[in-house]
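Notes to accompany the following structure.
The values are calculated or read from the model by the stated rules, or taken from the named source; none is laboratory data. Please read all numbers here as calculations on a predicted model, not as lab measurements. Here Cβ is always computed from backbone atoms with ideal geometry, including for glycine, and neighbour counts include all displayed protein chains. Calculation scope for accessible area: heavy atoms of the full protein, side chains included, ligands and nucleic acids excluded. Shrake-Rupley method; radii C 1.70, N 1.55, O 1.52, S 1.80 Å.
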Amino acid sequence: MRTINWVALLLMSMAGNVMAQPSGPRLAEPGAKRKYNGLSHIEVDLGQRNTLLVGFDRYAQVQARQNVDSVLRLFVADYRKVQDTTQSPTRAVHALFRLGEADRGVDLRYTPQTTESFRFSDGEEPAAVKKQQDTLQVVWSITGNQATYYDFSIYLLVNDLSDIERFLKAGGVNANLRKALESVQQYKGHDLTSPRMSFDMIQQDNKEARFLSPGLAKSPFISFQPGVGVGLIRNQWVPSLNFEVQFVPTQLHNVGYSVSYLSNFFFSQSNLNDRLQTFRNDFLNVGVAFYYFNKDGQTSAFSRQIFSFYVGIPVHRSGFYFDRDAVRLSGTAYQKGLFKVQPELYMNGFFRHVNPGLKLVVGL
């Protein structure tokens, strides 16, 4: 029992080091429509396939930066000075507009259109058709103790970056954003303006706002993960049943702590009556699992493990397969969907009479 306590403390220490790393918002990669920062998101339909996206961690960030039109005017003026008009008009442009505390910058990335399309009209020259939208990503930089990071992003998905100037001349986008914020403040189910809340919202013109998954942003939760498997133990194929309860501190961290109950079933032919006998051996395990992040760079993908590690002791024995002081070490080396590959190590005592194994598991 002292051995499992020691290893469990080691696991908690490892996980603590991982969780102590900065977990603030990460800058989304340019060029992808749905890779945007923040736990919460507001999507505003501007018509003609143009969209305003706002990604944030706290509602107060949006309230403090509602004047999007002033930022767009700055961008239009700066972009006009560096715009490259010599390239193909059908290429997609991703513009990253960085607003610093003392200056600002623009990063431009171009994606050529792989298929050229043309529209024909009688008496006119063929017109090239642009199929990919342009993206303007606006970020506000904050200088911390170690590096510059971004806590708030606005995305404008437009058919062409030149359309931004047309939006401004037609009245801008501030009114559209204000309408979306009014819908947030009038939501009846939760106080979505609270810093503890997160939500996704879609605001379309002349339609009621749609809210997706509103709830607590940083609340812990429990995950139940049953599974069935078969493993090679002591040169036998051994079926097993496993039930795991995992505690996840928040969706912002990629670490989960678990307690699981594993039953292994050994089969042997009786010498007395030539009947098949079943010997069940159960282990109580504690462990820690590390997960990949989703594409947003912030929330964890709890169906995609990086790896996990478990320590177990026997709580029920039958047959002569394990001693009372046996220890089980295991982990997940590979996962794809519901399928997992888990190497195992069974020891009678601490590294005495070691029996390696391999288990294939199907489950959550």
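For this structure, a couple of remarks:
- Scan segment 240-250 for residues that are closer than 17 Å to Ser330 by Cα and either of a type in the set (Val, Ile, Thr) or exposed (fewer than 15 other Cβ atoms within 10 Å of the Cβ) (or both) and the total you get is 2.
- Positions within segment 149-166 being at pLDDT below 85 and surrounded by fewer than 16 Cβ atoms within 10 Å (Cβ to Cβ), in sequence order: none
- Test for Gly123: is it on the phi > 0 side of the Ramachandran plot and at pLDDT below 75: yes
- In segment 322-354, the residues that are open to solvent by 40 Å² or more (accessible area, probe 1.4 Å) and assigned to a strand (DSSP E or B): Tyr334, Lys336, Phe339, Pro343, Leu345
- Segment 96-129, residues that are open to solvent by less than 80 Å² (accessible area, probe 1.4 Å), touching a residue at least 12 places away in the same chain (Cβ under 8 Å) and either assigned to a strand (DSSP E or B) or charged (D, E, K, R) (or both): Leu96, Phe97, Arg98, Leu99, Val106, Asp107, Leu108, Tyr110, Thr111, Ser117, Ala128, Val129
- Any chance Lys169 is at pLDDT 90 or above, exposed (fewer than 14 other Cβ atoms within 10 Å of the Cβ) and farther than 26 Å from Lys81 by Cα: no
- Matching residues, segment 355-364, being under 19 Å from Arg317 (Cα atoms) and open to solvent by 70 Å² or more (accessible area, probe 1.4 Å): Pro356
- Count of residues meeting criterion [in a loop (DSSP other than H, G, I, E, B) and within 22 Å of the chain's Cα centre (by Cα)] in segment 55-79: 2
- Taking first residues from segment 340-364 that are more than 27 Å from Phe224 (Cα to Cα) and of a type in the set (A, V, I, L, M) and partners that are open to solvent by 30 Å² or more (accessible area, probe 1.4 Å) and in a strand (DSSP E or B), the Cβ contacts under 7 Å between residues at least 6 apart in sequence or on separate chains come to Val354/Leu345.
- Qualifying positions in segment 310-321 - at pLDDT 90 or above and surrounded by 17 or more Cβ atoms within 10 Å (Cβ to Cβ): Tyr310, Val311, Gly312, Ile313, Pro314
- Residue check, Ala301 open to solvent by less than 20 Å² (accessible area, probe 1.4 Å) and at pLDDT below 85: yes
- Only one of the numbered conditions (1) open to solvent by 50 Å² or more (accessible area, probe 1.4 Å); (2) at pLDDT 85 or above; (3) within 29 Å of the chain's Cα centre (by Cα); (4) within 21 Å of Gln61 (Cβ to Cβ) is violated by Thr135, and that is (1).
- Residue that is surrounded by the most Cβ atoms within 10 Å (Cβ to Cβ), among those in segment 176-202 that are in contact with a strand residue (DSSP E or B) (Cβ under 8 Å, 6 or more places away or on another chain) and more than 19 Å from Asp45 (Cβ to Cβ): Ser198
- Any hit, segment 251-262, residues being crowded, with 19+ Cβ neighbours inside 10 Å, outside any strand (DSSP E or B) and at pLDDT 80 or above: yes
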